[in-house]
Amino acid sequence: MTAARATALFDQLASVYDEILPFFTGFGQQHMEWLAPVHGTRVLDLGAGRGALTGAALARGCRVTAVDCAPGMIERISAQYPEIHEARLMDAHQLDLPDNSFDLVCAGFVVHLLDDPAAAAREIRRVLTPGGVFSFSVPGPVEDAPEWEFYSALFREFQPLIPAGEGRLSRPLDAERFLATAGFTGLGRTAIEQRLPVPDADTFWNWGLSHGSRAYIDALPADARTEFEARVRAELSTMDPIVFAAGACLWRGTSPA
Ligand SMILES: C[S@@+](CC[C@H](N)C(=O)[O-])C[C@H]1O[C@@H](n2cnc3c(N)ncnc32)[C@H](O)[C@@H]1O
C-alpha cells in the first residue's frame, strides 16, 4: 500500500521537489563526497527523485542509472541530466536490471519508505558486482540546534490526530540490522548536517509541503492542520535569521565477493 501512496505523492510533488530549498541536493553532495566513487564507477541511484545523488555522481564522472517509481521524477531527471546513462521507471523491490551490473548502489532517503526493505536489499545484492557497495541515507539528529527541536516535537504531538494508515510514509528502520541481515559486510556509518538559510516563513512552510512530510500535513484534520501551521510560523517568527538545521545518517556496506 505504501508503494502506491509513495508513487502518487512523489509524482504529485515532482515539479517542486528540492526546488524550494536545496535540502536533498546538499545531503546528496555530502553523501557522494563520503563515498568518493572514482571516474567510471557504475552507479545505480535507487529512488533517485530529482537526482540529488545522480547529479553528484555524474559530477565525479560516474556512469549513472537512475530509477524511481514516480513518472514525474523520471521525466525531470532525464531532462535535467542528459548525460545520464539511463533513467527508468522502476520499483526498488523488483529491479529490471541485470545481475552484477553495478559497482555502487546508492539510495538517498528511500529505504525507510519501502514496504519491504529486505526484498529491495536482495535485489540490490543481485545487481551489485561482488565487492560492490550499497549506501543509503536516513534522517538523523542534528547537534547544537535546540531551536529546531520544536519541529519534530510538533510532528510527534499531532501524530495521534492522523487516521490509521494515513500520514507519514516512513517506517522505523534499524539500519545496521537491515544491512547485516541482508548479508552486507564491512559496515560503516557517519553523521552529516546542513545549515540552510531560509528567506522567510512562507518558504519554510512551502518546503514542508514539497517533500515526504506533505503526506503527514495533508492527513491532518483541517482544524489541526491550521493549528500545526500556526505553531510552525509562531516558532519561526522568533528566529532572525531563519537558518534550518537538519541532520542525516549515512550507511554503507559491501556485497561479499
Ligand atoms: C524522499 S525522496 C528521495 C529522492 C532522492 N533520492 C533524494 O535524495 O532527493 C524518495 C524517492 O523514492 C522514490 N520511491 C519511493 N518508493 C519507491 C519504490 N518502491 N521504488 C522506487 N522508488 C521509490 C520516490 O518516488 C521518491 O522520488
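Right, residue 88: modelled with pLDDT of 95 or more, in a strand (DSSP E or B), open to solvent by 10 Å² or more (accessible area, probe 1.4 Å) and more than 9 Å from the ligand (Cβ to nearest atom) or not?
Working: modelled with pLDDT of 95 or more: yes; in a strand (DSSP E or B): yes; open to solvent by 10 Å² or more (accessible area, probe 1.4 Å): yes; more than 9 Å from the ligand (Cβ to nearest atom): yes.
For residue 88, the condition - modelled with pLDDT of 95 or more, in a strand (DSSP E or B), open to solvent by 10 Å² or more (accessible area, probe 1.4 Å) and more than 9 Å from the ligand (Cβ to nearest atom) - is met.
In the stretch 25-72, what residues are within 12 Å of the ligand (Cβ to nearest atom), over 14 Å from residue 106 (Cα atoms) and hydrophobic (A, V, I, L, M, F, W, C)?
Answer for the stretch 25-72, where residues must be within 12 Å of the ligand (Cβ to nearest atom), over 14 Å from residue 106 (Cα atoms) and hydrophobic (A, V, I, L, M, F, W, C): 69, 70.
Which residue pairs have Cβ atoms closer than 6 Å, lie 6 or more positions apart in sequence or on different chains, and pair a first residue in the stretch 232-249 that is under 12 Å from residue 205 (Cβ atoms) and open to solvent by 60 Å² or more (accessible area, probe 1.4 Å) with a second residue that is hydroxyl-bearing (Ser, Thr, Tyr) and assigned to a strand (DSSP E or B)?
Final answer for the pair search is none.
With respect to the numbered conditions (1) touching a Pro at 6+ places or on another chain (Cβ under 9 Å); (2) open to solvent by 60 Å² or more (accessible area, probe 1.4 Å), which one is the sole condition not fulfilled by residue 14?
(2)
Going by what's in this entry, would residue 141 be described as touching a residue at least 40 places away in the same chain (Cβ under 8 Å), surrounded by fewer than 15 Cβ atoms within 10 Å (Cβ to Cβ) and under 16 Å from the mean Cα position of the chain (by Cα)?
On the way: touching a residue at least 40 places away in the same chain (Cβ under 8 Å): yes; surrounded by fewer than 15 Cβ atoms within 10 Å (Cβ to Cβ): yes; under 16 Å from the mean Cα position of the chain (by Cα): yes.
Answer is yes for this residue.
Could we say that residue 76 is out of contact with any strand residue (DSSP E or B) (no Cβ under 7 Å at 6 or more places or on another chain), on the phi < 0 side of the Ramachandran plot and more than 14 Å from the ligand (Cβ to nearest atom) here?
Values: out of contact with any strand residue (DSSP E or B) (no Cβ under 7 Å at 6 or more places or on another chain): yes; on the phi < 0 side of the Ramachandran plot: yes; more than 14 Å from the ligand (Cβ to nearest atom): no.
Answer is no for this residue.
For the stretch 161-175, check the following and say yes or no: at least one residue is of a type in the set (Asp, Glu), more than 20 Å from the chain's Cα centre (by Cα) and open to solvent by 20 Å² or more (accessible area, probe 1.4 Å). I'd like the intermediate steps shown before the answer.
First, the residues of the stretch 161-175 that are of a type in the set (Asp, Glu): 166, 174.
Filter once more, keeping what is more than 20 Å from the chain's Cα centre (by Cα): none.
No: zero hits.
Quick one: how many residues across the stretch 1-11 are of a type in the set (Val, Ile, Thr) and surrounded by fewer than 18 Cβ atoms within 10 Å (Cβ to Cβ)?
Of the residues in the stretch 1-11, the ones of a type in the set (Val, Ile, Thr) are 2, 7.
From what is left, the residues that are surrounded by fewer than 18 Cβ atoms within 10 Å (Cβ to Cβ) are 2.
Total meeting the criteria: 1.
The values are calculated or read from the model by the stated rules, or taken from the named source; none is laboratory data. Keep in mind that what you see is a predicted model, and the values were worked out from it rather than measured. When we count neighbours, we look across all protein chains shown, and the Cβ atoms used for this are built from the backbone with ideal geometry, even at glycine. Heavy atoms of the whole protein, side chains included, go into the accessibility calculation; ligands, DNA and RNA do not. Shrake-Rupley method; radii C 1.70, N 1.55, O 1.52, S 1.80 Å.
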